[in-house]
Amino acid sequence: MNKILTFLSGKKQILILVSCVLLLLSSCKMSYSFSGASIPPEAKTVSVLYFVNNASLAPPTLSQTFSEALRDKLSTQTRLALVNKGGDLNFEGSVTGYLTKPIAIQAGIDQAAMNRLTITVNVKYTCSFDEKKNFEQSFSRFADYPSAQGIASVEDQLIHDINVQLVQDIFNRALNDW
C-alpha cells in the first residue's frame with residue numbers, strides 16, 4: 001500500500017510541475033516569425049511610403065525598385081498586412097546617394113580595373129506601440145564590377161543586389177533590434 005501511495009505522489013508532483021510550466025508559458029506574450037523578427041504582438045499593419053529619389057545620376061526607377069523590394073520583404077517575412085499609409089509600423093525616406101567610382105587602379109593604364117557602385121538610403125521608421133524603437137538612419141551598401149563591363153551593362157543587376165542588402169539591413173534594424 002505504501003508503494004502505491006509513493007508512486008501516486010510522484011505522479012502528482014510531475015503533474016503539478018507540468019501544469020505550472022504550461023501556465024507560465026501560456027501567460028507569456030511573445031511574437032514569433034520564421035524570419036526571426038521581433039514584432040509587437042498588437043501590430044497588425046505595415047506601410048512603406050514611396051522613397052523619393054534625391055540622388056543625382058540615379059536611374060529614375062531606383063526609388064520604385066527600392067520601395068517595392070522593402071514592401072516585398074515585409075509582406076513575405078512578417079505576418080503584417082501591407083497598407084498604403086498609416087500602418088502600425090511605418091517606413092519612409094529617400095534615396096540620398098548613388099555613386100560609382102574606381103577602386104582598383106591598373107598599373108601602366110589610366111583606367112581602373114574595378115569600379116564600385118554605392119547606394120545610400122535614409123530611412124525613418126516609426127512604431128506606433130513603442131517610441132523607443134523609432135529611428136531615422138542612413139543605410140549604405142555597395143557592389144563592385146569590372147570596369148571593362150561598364151555601368152550600363154551591369155547596372156540593373158548591381159541595383160538588385162544592393163537593394164537586397166539594404167532591405168535586409170533595414171529589416172534587421174527595425175524588426176530584429178540589430
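Values in this text are rule-based calculations from the coordinates and carry no lab data. What you see is a predicted model, and the numbers here were worked out from it, not measured in a lab. Every residue, glycine among them, receives a Cβ derived from its backbone with ideal geometry; neighbour counts consider all protein chains shown.
Once you treat every alpha carbon in region 34-175 as an equal point and sum by Debye, what is log10 I(q)/I(0) at q = 0.11, 0.12, 0.17 Å⁻¹? Rounded to two decimals, the profile gives -0.45, -0.52, -0.89.
Say R0 is 25 Å: what FRET efficiency, to the nearest 0.05, do ILE103 and THR65 get from their beta-carbon distance?
Working: r = 24 Å, r/R0 = 0.96.
Step by step, r from the Cβ atoms, then E = 0.55.
Spin-label pair LYS44-GLU131: with each label point 7 Å from Cα along the Cα-Cβ axis, the two points sit 2.5 nm from one another. In order along region 97-103, the Karplus-derived 3J(HN,Hα) couplings, from 6.51 cos²θ - 1.76 cosθ + 1.60 at θ = phi - 60°, round to x, 8, 9, 10, 8, x, 10 Hz, and Gly and Pro are given as x. Taking the Cα centroid of region 137-165 and of region 88-106, what is the distance between the two, rounded to the nearest whole Å? Computed from Cα coordinates, the inter-centre distance equals 9 Å.
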